[in-house]
Amino acid sequence: MAVITESELRKHFRNRNLKDVAVYEAAAGTILTPSAKSFLTDHQIELRYVKASETDKDTANDPVPASVPAQEPTPQKEVKLQVTTNLDVEPATGGKKRFRTLYGGFLEAKPEHMTHLYGNMLVFKDHPRILFRGKLDSLETKILEAQISCFKLNMTKLVKDLEEILQFVRRIVRCEVLSESIEEFHLLGLNPKELREQSHFPKKYFGLEHFQPSYDMGEAVVVINALRTLTRETELLAYQAFKKEHGDAEREDIIRSLNRLSSLFWIIMFRIRVGEYN
């Protein structure tokens, strides 16, 4: 039984453009090390197991089977990937549903301990991006609860501002799932640079120094502060979800958006204290 390592894969592909490789075929029973599987996943190369008789005879003594060149995807397939993000994939040949896994291979049915990362790609439910999506869901819920609290306090303008923020969080969810970039944005009339500026220099804009929240500042301040801290937790999970090997991140647009959102909640706390929502 052959064992293929990441090092062997790198040697095999060293003279190839990995962007032109879509499928990597290994003889049935071959074992790939976890790092080898990660290498294929990182380069979006599908791992496919085939019978030994189906492999190229010229490479019978080569521990690394040949790869199959990529085919240009059709526009229809690209649309299908988006509309099936949270749904089962279409039946494959023979009428059976087939799911890819991020760890290599295919499954005929989706196990309960796995979920969709995108399209028909399955991952374990403790995958960092799934944990991040769960935290975004919690953030949405807490914004809704904050709207109820502010409505009871007759702070209708704040309820409306929180609705704008809620839609922005849902936009982040969509962009993460569909791999869309977050374009330049404004929140409550402020762009990212202005959000950072006002949150760093509150004395200049609100006449108040930075402060430690206290119960005697009122329910609204405490509720918004809870959203601020939850947003910071969400930002940290976003970094963990998209962190690369050497510390930089793939989706800095998402991380930046959440960072500015936590700044906005800090700004709102000052607006409450100076009476802008009375």
Qualifying position, being modelled with pLDDT under 85 and either in a helix (DSSP H, G or I) or more than 17 Å from the chain's Cα centre (by Cα) (or both), among VAL68, VAL159
VAL68
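Consider PRO213 carefully, then state whether it is out of contact with any Cys (no Cβ under 7 Å at 6 or more places or on another chain) and open to solvent by 30 Å² or more (accessible area, probe 1.4 Å).
Numbers: out of contact with any Cys (no Cβ under 7 Å at 6 or more places or on another chain): yes; open to solvent by 30 Å² or more (accessible area, probe 1.4 Å): yes.
Considered against the rule, which asks whether it is out of contact with any Cys (no Cβ under 7 Å at 6 or more places or on another chain) and open to solvent by 30 Å² or more (accessible area, probe 1.4 Å), PRO213 comes out as yes.
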Members of region 1-48 that are over 13 Å from GLY105 (Cα atoms), hydroxyl-bearing (Ser, Thr, Tyr) and crowded, with 16+ Cβ neighbours inside 10 Å
THR5
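A quick yes/no check of all residues on (1) at pLDDT 50 or above; (2) out of contact with any Asp or Glu (no Cβ under 7 Å at 6 or more places or on another chain); (3) more than 23 Å from ALA36 (Cβ to Cβ):
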{"position": "ASN86", "(1), (2), (3)": "no, yes, yes"}
{"position": "LYS97", "(1), (2), (3)": "yes, no, yes"}
{"position": "PHE124", "(1), (2), (3)": "yes, yes, no"}
{"position": "GLY134", "(1), (2), (3)": "yes, yes, yes"}
{"position": "SER138", "(1), (2), (3)": "yes, yes, yes"}
Selected residue (criterion: farthest from LEU102 (Cα to Cα)) from residues of region 4-34 that are aliphatic (A, V, I, L, M) and touching a Ser or Thr at 6+ places or on another chain (Cβ under 7 Å):
ALA27
ALA241 meets each of (1) small (Gly, Ala, Ser); (2) under 24 Å from the mean Cα position of the chain (by Cα); (3) at positive phi with one exception, condition (3)
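Hey, could you check region 183-210 for residues that are in a loop (DSSP other than H, G, I, E, B), touching a residue at least 40 places away in the same chain (Cβ under 8 Å) and over 31 Å from the mean Cα position of the chain (by Cα) and say which is surrounded by the most Cβ atoms within 10 Å (Cβ to Cβ)? Walk me through how you get there before you give the answer.
Applying the first criterion (in a loop (DSSP other than H, G, I, E, B)) to region 183-210 yields 183-186, 188-189, 191, 201, 207-210.
When the remaining residues are screened for being touching a residue at least 40 places away in the same chain (Cβ under 8 Å), the result is 185, 188, 207-208.
With over 31 Å from the mean Cα position of the chain (by Cα) added as a condition, the list becomes 207-208.
Values: GLY207: 10, LEU208: 12.
Only one residue fits best here, namely LEU208.
Using the structure shown, decide if THR234 is modelled with pLDDT of 95 or more, hydroxyl-bearing (Ser, Thr, Tyr) and open to solvent by 30 Å² or more (accessible area, probe 1.4 Å). Lay out the reasoning, then the answer.
On the way: modelled with pLDDT of 95 or more: yes; hydroxyl-bearing (Ser, Thr, Tyr): yes; open to solvent by 30 Å² or more (accessible area, probe 1.4 Å): no.
In short, no.
The values are calculated or read from the model by the stated rules, or taken from the named source; none is laboratory data. The structure presented is a predicted model; accordingly, all values stated were derived computationally and were not measured. Note that each Cβ is placed from the backbone with ideal geometry, even for glycine, and that neighbours are counted across all protein chains shown. Only protein heavy atoms, including side chains, enter the accessible area calculation; ligands, DNA and RNA are left aside. Shrake-Rupley method; radii C 1.70, N 1.55, O 1.52, S 1.80 Å.
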